[in-house]
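One structure below.
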Amino acid sequence: MTAKTLEAIKYTRGNLSILNQLVLPHETIFETVLSVQNGHAAIKSMKTRGAPAIAIVAALSLAVEVNTRAENKEFETVDQVVKFLFESLEYLKTSRPTAVNLFDAAGKLWALIQATAKDAKDPMTVVNAYIDAAEQMLVDDVKDNKNIGKFGAEFILDNAKDKNRISVLTHCNTGSLATAGWGTALGIIRDLHANGKLEHAYCTETRPYNQGSRLTAYELVYENIPATLICDNMASALLKENPSVQAIVVGADRVAANGDTANKIGTYQLAITAKYHNIMFIVAAPSTSIDLNTKTGKDIVIEQRPSEELVTVTGVRVQDDEPTCIRTAAADIGVWNPSFDVTPAELISAIVTEQGVVLKKDGETEFNMSSFLN
Ligand code: MRU
């Protein structure tokens, strides 16, 4: 099997399609995104998910729609296009609340629109500047992920007790499907594997939405990385049984200024068990996931997802591969379904970004993310 990574976002100017992650790994269906409305729906329904991918698909859905409207000569003035872009970005921001990458991208794109509009003589100047910037996000994300992979793999190698037996546990999906390509935490696993340093990867199932068993497992198998799936409640037993697991690596949806990190529900309990078993707990994320306006994890808005995701299991029937969704929980039981939790900085060994590895100062329990970002 080739080492080509999967692709979840296909884009050429004027054309965007996304891999529908609701039906993976059973079916590979690309869906065309023609508009901001389509982009918003794809993100909200989780056909597209993962913090960097959410931001990129949002930005590109607007790039596609503004391109179509410009071709149809719908903008007569600079003000008209600026108004359309502003309202669209505001709407896209309402799709999912926790991953800060979307808000970061919207803020940066809006600043660029305003700066361009100031001197623009015709609407196409603003249209082209917006599309160029949105397209650049795709390119930058892959580059950033490769650097995260490299820095993270080096950190693990430098700090591993046994450098000849490095296995890693990961949670949720942070790979090519969650980004423009390569991935963050999964990018670190890819880097270790590519350099012959990985003994084995373990991935959690990641209930209730199963990003681990459906998506990460799919990526690991696709790339022939030696890997094993575990249920979320097996992590502590794995660490006790298997000393080769020397690090847990996860992604992030929002890193607060002190390093507290929101990520997929279940991340916090993994950090606790990493501490108990004295292994590394590493957060891998692009600097666009760092939110200096959020002082600590207490200020992070945690998305609540529909109860159906928790009381049901979706998949295909073993006998005939027919799609199926079955209820597993007792009828009428109350449900709490937060999509993310916050891991306190105290439990995190290192935060790996494309710019390098952020560590706590000796004796401190929190990170200073602002000094890192200048
Ligand atoms: O609900 P999801 O699937 O969007 O959650 C994804 C995660 O929590 C990832 O760990 C995070 O977004 C980082 S993806 C590189």
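No lab work stands behind these numbers, since they all come straight from the coordinates. Not measured: the values here are computed from a predicted model. Backbone-built Cβ (ideal geometry, glycine too); neighbour counts: all protein chains shown.
Provide a single number: the residues in segment 252-261 that are more than 13 Å from the ligand (Cβ to nearest atom) and in a loop (DSSP other than H, G, I, E, B). Qualifying residue count for the region: 4. Looking at (1) buried (at least 24 other Cβ atoms within 10 Å of the Cβ); (2) closer than 24 Å to Gln269 by Cα; (3) of a type in the set (S, T, N, Q), can you tell me which one Asn233 breaks? With (1) buried (at least 24 other Cβ atoms within 10 Å of the Cβ); (2) closer than 24 Å to Gln269 by Cα; (3) of a type in the set (S, T, N, Q) applied to Asn233, the lone miss is (1).
Does segment 277-295 contain at least one residue that is farther than 17 Å from Val358 by Cβ, within 11 Å of the ligand (Cβ to nearest atom) and touching a Ser or Thr at 6+ places or on another chain (Cβ under 8 Å)? Among the residues of segment 277-295, not one is farther than 17 Å from Val358 by Cβ, within 11 Å of the ligand (Cβ to nearest atom) and touching a Ser or Thr at 6+ places or on another chain (Cβ under 8 Å), which makes the answer no.
Considering Ala217, Ala194, Ala178, which residue is among the aliphatic types (A, V, I, L, M), within 9 Å of the ligand (Cβ to nearest atom) and in contact (Cβ under 8 Å) with a residue 40 or more places away in the chain? Result of the check over Ala217, Ala194, Ala178: Ala178.
Scanning segment 212-236 for residues that are over 20 Å from Gln246 (Cβ atoms) and more than 21 Å from the chain's Cα centre (by Cα) turns up Asn224, Asn233. Within segment 160-177, the set of residues being farther than 20 Å from Thr216 by Cα and either touching a strand residue (DSSP E or B) at 6+ places or on another chain (Cβ under 6 Å) or surrounded by 24 or more Cβ atoms within 10 Å (Cβ to Cβ) (or both) comprises Ala160 only.
Of the strands (runs of 3 or more DSSP E) contained entirely in segment 262-374, those carrying at least 2 residues that are more than 30 Å from Leu138 (Cβ to Cβ) and in contact with a Gly (Cβ under 8 Å, 6 or more places away or on another chain) fall at 323-327.
Of the residues examined, Thr98 is one that is within 16 Å of the ligand (Cβ to nearest atom) and under 23 Å from Val342 (Cβ atoms).
Check segment 227-237 and report whether any residue there is part of a strand (DSSP E or B) and within 13 Å of the ligand (Cβ to nearest atom).
Taking every residue of segment 227-237 in turn, none turns out to be part of a strand (DSSP E or B) and within 13 Å of the ligand (Cβ to nearest atom).
Within segment 145-159, the residues that satisfy the criterion of being within 17 Å of His193 (Cβ to Cβ) and either of a type in the set (D, E, K, R) or surrounded by 24 or more Cβ atoms within 10 Å (Cβ to Cβ) (or both) are Asn145, Lys146, Ile148, Gly149, Lys150, Gly152, Ala153, Glu154, Ile156.
Could you tell me whether Ser339 is within 13 Å of the ligand (Cβ to nearest atom), under 16 Å from Gly266 (Cα atoms) and small (Gly, Ala, Ser)? Against the criterion (within 13 Å of the ligand (Cβ to nearest atom), under 16 Å from Gly266 (Cα atoms) and small (Gly, Ala, Ser)), Ser339 qualifies. Checking every residue in segment 27-41 against the condition of being within 16 Å of the ligand (Cβ to nearest atom), surrounded by 20 or more Cβ atoms within 10 Å (Cβ to Cβ) and within 29 Å of Asp320 (Cβ to Cβ) gives zero matches.
The residues of segment 88-116 that are in contact with a strand residue (DSSP E or B) (Cβ under 7 Å, 6 or more places away or on another chain) and not hydroxyl-bearing (Ser, Thr, Tyr), listed by number, are Ala99, Val100.
For segment 65-84, the set of residues classified as buried (at least 24 other Cβ atoms within 10 Å of the Cβ) and either within 30 Å of Trp182 (Cβ to Cβ) or within 16 Å of the ligand (Cβ to nearest atom) (or both) consists of Val66 only. In a residue-by-residue description of segment 302-322, the property of being under 23 Å from Asn145 (Cβ atoms), within 23 Å of the chain's Cα centre (by Cα) and in contact (Cβ under 8 Å) with a residue 24 or more places away in the chain applies to no position.
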